[in-house]
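Q: Right, I'll just put the structure down here and ask away after.
Every read-out reported here was derived from the displayed coordinates using simple, explicitly stated rules and does not represent laboratory data. Model, not experiment: these values are computed from the prediction. Backbone-built Cβ (ideal geometry, glycine too); neighbour counts: all protein chains shown.
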Amino acid sequence: MNVLFINANLYGHINPTLGLIKKLTERGNRVSYFCSEPFSEQVTKMGASWIGFSDKLELFLKEYRPTDRHPFFMLMECILLYDEVVLPEILDMLKEDRYDLVICDSYFGGACFLKQMTKIPVVCSHSSFAMSHAPVPQRMLEPGFHPQLDHCYQIVTRICESYQIEEPSLEQVFTSKGDLNIVYTTRNFNGDEGIHEPDYLFIGPSIDRLPEVHDLDFTEIGDRKIIYISLGSLNTDFVDFYKLCIASFRDTDYYVYMSIGKKCDVSQLGEIPTNFLVKSFLPQLEILKRAEVFITHAGFNSVNEALYFGVPMLALPLVNDQHMVAKRLVSMQLGITESIKELSPEMLRSKTETLIMARGIKENCMQISKEMRNFANPQQTVLELENQINEWKERG
């Protein structure tokens with residue numbers, strides 16, 4: 001089987017796919033993986049061939065600015081403009097090689113349009129919840145509701161006129177349903193009663209990626225409880241928040257690992273207490289194996305990884321689906337949520353200690369951890385993909 005995998009330039013979209021890529025190539029399948037250069041080593045070490053972004057796509061990613069700041073319409077605008085730039089590149093790749101299957105990231109792969117433009121089966125890789133409808137009322141999708149929404153419709157029309165294909169609804173673009181769909185969580189955590197097997201394969205979180213190189217000595221911590229703090233890799237310019245965390249847990253019996261990303265420097269945080277380790281990058285999986293609590297931005301991939309290891313979470317959602325993920329954690333009693341803008345050092349410490357003492361939440365996290373581990377079977381997913389390809393070929 002010859003597979004073309006289309007993805008973007010975001011850890012939360014690429015990391016979940018690596019275990020699947022590894023199993024595909026181990027079974028002798030050929031995988032060409034289209035993504036940005038920083039991830040080239042990861043995909044090639046999983047056995048795939050890397051295809052880099054064009055200068056045009058790199059320029060778009062560098063220069064794109066939203067026309068307005070409405071949370072949902074801003075996301076849709078970015079997705080559609082990305083699709084407009086990336087679709088010609090995908091079509092060129094399809095002309096150069098004979099692929100049996102295209103796997104597209106559900107947000108950044110143009111799957112909704114691509115399904116009409118090729119006879120090759122299109123599988124969607126859902127790096128967040130698989131959803132049967134957009135997370136806004138239908139009235140908010142009516143033309144004229146918002147200028148940024150109208151701009152989204154203009155992009156859809158432009159794309160479809162360019163390729164002479166039928167215009168999908170904005171909801172169809174957002175839900176991005178392929179001929180088959182892969183979701184990196186459990187059916188239970190995903191929720192949404194409108195999403196059904198066998199169109200959707202729930203394969204659990206993938207933690208099978210390159211070993212995280214680190215020099216951490218966990219034996220130095222002793223029996224102290226570990227708190228892990230990370231706002232992900234994208235929106236990390238929160239110096240005041242990191243200072244607040246230091247004020248919250250300074251001179252406590254906890255040991256705190258805090259990842260601050262690349263948009264601020266450790267030197268901006270003042271004196272670092274001896275019970276803190278603060279770096280721009282920390283080996284997340286290694287720390288989650290040992291953490292008592294995870295203070296997180298509620299990114300879908302990070303949350304799935306924490307649940308895999310049974311770690312309760314204090315969710316501080318910032319953008320996009322993070323608010324939905326935080327609500328799901330609360331509704332399933334897997335953590336608590338708070339606004340990052342409302343926190344004080346005393347509140348942060350109190351919320352964290354509440355989580356540490358909450359036996360019910362810990363038990364729920366351990367239960368879903370068992371479910372996650374049972375679902376995490378990328379080899380079975382590969383078999384399903386191979387079976388689907390054979391069926392599609394038989395149907396012509």
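Q: Would you mind giving the three semi-axes, in whole Å and largest first, of the ellipsoid equivalent to segment 155-264 according to its Cα gyration tensor? Please report the intermediate quantities before stating the final value.
A: Values: eigenvalues 356, 89, 41 Å².
Semi-axes (√(5λ), whole Å): 42, 21, 14.
Q: To continue, here is another question. Note the angle between two axes, namely the Cα long axis of helix 322-331 and the longest principal axis of the Cα atoms of the chain, as a number of degrees from 0 to 90, rounded to the nearest 10.
A: 60 degrees
Q: Still on this structure: Taking 7 Å along the Cα-to-C-beta vector as the label spot, tell me the M93-V239 distance in nanometres, rounded to one decimal.
A: 3.9 nm
Q: Where does each of 183-195, 117-129 land if you order them by average Cβ count within 10 Å, highest first?
A: Working: 183-195: 18.4, 117-129: 21.2.
By packing density, highest mean first, the sequence is 117-129, 183-195.
Q: Pairwise over distinct Cα atoms, reciprocal of the mean inverse distance: report the Kirkwood radius of the chain in Å, one decimal place. Let's see the in-between values first.
A: Working: mean 1/r = 0.0452 Å⁻¹.
Mean inverse Cα-Cα distance, inverted, gives 22.1 Å.
Q: Cα-Cα pairs above 29 Å in segment 218-374: how many percent?
A: Numbers: 1168 of 12246 pairs.
Here the long-distance tail beyond 29 Å is 10 percent of all Cα pairs in segment 218-374.
Q: Report the convex hull volume per residue for segment 47-187, counting only C-alpha atoms, in Å³. Can you show the working numbers first?
A: Details: hull volume 18.6 nm³, N = 141.
Convex hull volume per residue, Cα atoms: 132 Å³.
Q: Taking the chain as the reference, fit the longest principal axis to its C-alpha atoms, fit the long axis of helix 71-96 to the helix C-alpha atoms, and give the angle between the two in degrees, 0 to 90, nearest 10.
A: The angle comes out near 50 degrees.
Q: Please list, by residue number, every one of the trypsin sites (Lys or Arg not before Pro) in segment 30-74 that is coil in DSSP and has at most 13 other beta-carbon atoms within 10 Å.
A: R69
Q: Next question, about the same structure. For G178, enumerate residues with amide H under 5 Å from its amide H, sequence gap 5+ or separate chain, H modeled in the peptide plane.
A: Amide H neighbours of G178: C124.
Q: Next question. How long are the three semi-axes of the equivalent ellipsoid of segment 345-389, in whole Å, if each is the root of 5 times an eigenvalue of the C-alpha gyration tensor, listed from largest down?
A: 39, 12, 5
Q: Return one quarter of the surface area of the convex hull spanned by the alpha-carbon atoms of segment 286-396, equal to its mean projected area, in nm². Before the final figure, lay out the partial values.
A: Values: hull surface 36.1 nm².
Quarter of the Cα hull surface area: 9.0 nm².
Q: Calculate the translational D of segment 1-116 in whole µm² s⁻¹ from Stokes-Einstein, where the hydrodynamic radius comes from the Kirkwood formula applied to all Cα pairs, the temperature is 4 °C and the viscosity 1.567 mPa s.
A: Once the numbers are plugged in, D ends up at 88 µm²/s.
Q: Another question, then. Run the numbers for S169 and S344: contour at 0.36 nm per residue of separation, minus the present Cα-Cα distance, in nm. Intermediate results must be reported in sequence, preceding the final value.
A: Numbers: separation 175, 0.36 × 175 = 63.00 nm, distance 4.31 nm.
Extra length available between S169 and S344 comes to 58.7 nm.
Q: Give me the percent of Cα-Cα pairs in segment 107-211 that sit more than 21 Å apart, rounded to a whole number. Please report the intermediate quantities before stating the final value.
A: Details: 2397 of 5460 pairs.
The proportion of pairs with Cα distances above 21 Å equals 44 percent.
Q: Calculated FRET efficiency, A247 and M366, Cβ-Cβ r, R0 30 Å, to nearest 0.05? Present the calculation step by step, with values, prior to reporting the outcome.
A: On the way: r = 31 Å, r/R0 = 1.04.
Between A247 and M366 the formula returns 0.45.
Q: Tell me, what ³J(HN,Hα) does each residue in segment 295-309 have, in order and in whole Hz, if you take phi through Karplus 6.51 cos²θ - 1.76 cosθ + 1.60 with θ = phi - 60° and put x for Gly and Pro?
A: Taking θ as phi minus 60°, the curve returns 8, 9, 6, 6, x, 4, 5, 4, 5, 4, 5, 5, 5, 4, 9 Hz for segment 295-309.
Q: Kindly rank 355-361, 216-222, 9-15 from highest to lowest mean number of other beta carbons found within 10 Å of each residue. Before the final figure, lay out each step's value.
A: Numbers: 355-361: 14.3, 216-222: 10.9, 9-15: 21.3.
The peptides rank, most packed first, as 9-15, 355-361, 216-222.
Q: Sticking with this one: Within 11 Å, Cβ to Cβ, of L307, how many net charges do the neighbouring residues add up to if Lys/Arg are +1 and Asp/Glu are -1?
A: Numbers: positive: R328, K370, R373; negative: E305, E371.
Summing Lys and Arg as +1 and Asp and Glu as -1 gives +1.
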